[in-house]
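Heads up, the thing below is written out as structure tokens.
The values are calculated or read from the model by the stated rules, or taken from the named source; none is laboratory data. Model, not experiment: these values are computed from the prediction. Backbone-built Cβ (ideal geometry, glycine too); neighbour counts: all protein chains shown. These accessible areas exclude ligands, DNA and RNA; they are computed on the full protein's heavy atoms, side chains included. Shrake-Rupley method; radii C 1.70, N 1.55, O 1.52, S 1.80 Å.
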Amino acid sequence: MDVLENYTGHVDPEGPAARRTLDALTITKISVGPMDNNAYLLVCRSTNEALLIDAANDHERLADLLAHSPDRPRLRTIVTTHQHADHWQALEATAAAHGANTAAHELDASVLPVAPDVLLDHGDTINVGEVPLSIIHLRGHTPGSIAVVYDDPNGHPHLFTGDSLFPGGVGKTTSADNFASLINDVEDRLFAVLPDSTWFYPGHGDDSTLGKERPSLAEWRSRGW
């Protein structure tokens, strides 16, 4: 597998992965499966331990990605951002192959193909090696949708939003109440507390920043999706 080092936030289905190297962490993005799901491999540069966000599909591609990371990091944890099936098709196989723990929010746990070893909630911290990651519960796309944030002390925050936030709007909801819940959480728990420089990594498609999307918040709320 080719891994590009000039990270732009875009990857193509069946194409190369793309790696971003920070002082403490590397972030590698890959597109998997027929729905162009993004999976993100985070590797602590001090310990070479890894955490995968959404083992969405293509177990073989995910295994190949691990094999092509520097020094073959040990996958310790797989975080599932929410219960929708396109985000966990490779969860069972990947966890079993690497002996990794699995983690998800309690409200989505019962739908997953394997019971999570770790139940996550808003405000929790989960580590990849020596690097702390914060959990943000974003209610509305599913009951247990979560985002994961790494607040780089030498740069800007890096936010993994699953299907709760995309460039151009929040994730799909099934009722007006769910939309209100999601847009409120996205505004209050993301945009109100994280800076415009925050780079976010969605569950499908290209990345963006909170600063680029912030001017559209009122429009999103008004249109209702």
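Tabulated data for the structure shown
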| quantity | calculated |
| --- | --- |
| Selected residue (criterion: most open to solvent (accessible area, probe 1.4 Å)) from residues of segment 135-144 that are touching a helix residue (DSSP H, G or I) at 6+ places or on another chain (Cβ under 7 Å) and not basic (Lys, Arg) | 143 |
| Condition met for residue 155 (open to solvent by less than 40 Å² (accessible area, probe 1.4 Å) and modelled with pLDDT of 95 or more) | no |
| Restricting segment 66-80 to residues that are open to solvent by 90 Å² or more (accessible area, probe 1.4 Å) and not in a strand (DSSP E or B), the residue that is modelled with the lowest pLDDT | 71 |
| Enumeration of residues in segment 207-216 that are open to solvent by 20 Å² or more (accessible area, probe 1.4 Å) and either closer than 18 Å to residue 20 by Cβ or out of contact with any Gly (no Cβ under 8 Å at 6 or more places or on another chain) (or both) | 207, 209, 211, 212, 214, 215 |
| Residues of segment 77-111 that turn out to be in contact with a Ser or Thr (Cβ under 8 Å, 6 or more places away or on another chain) and not aliphatic (A, V, I, L, M), as a count | 12 |
| Some residue of segment 33-41 being assigned to a strand (DSSP E or B) and either out of contact with any strand residue (DSSP E or B) (no Cβ under 8 Å at 6 or more places or on another chain) or without any contact (Cβ under 8 Å) to a residue 60 or more places away in the chain (or both) | yes |
| Candidates 107, 119, filtered to the one that is touching a Gly at 6+ places or on another chain (Cβ under 8 Å), of a type in the set (A, V, I, L, M) and open to solvent by 40 Å² or more (accessible area, probe 1.4 Å) | 107 |
| Whichever residue in segment 181-206 is open to solvent by 40 Å² or more (accessible area, probe 1.4 Å) and of a type in the set (A, V, I, L, M, F, W, C) and, among such residues, is nearest to residue 121 (Cα to Cα) | 193 |
| Selected residue [of a type in the set (Gly, Ala, Ser), touching a residue at least 12 places away in the same chain (Cβ under 8 Å), under 18 Å from residue 158 (Cβ atoms) and open to solvent by less than 10 Å² (accessible area, probe 1.4 Å)] from 50, 55, 90 | 50 |
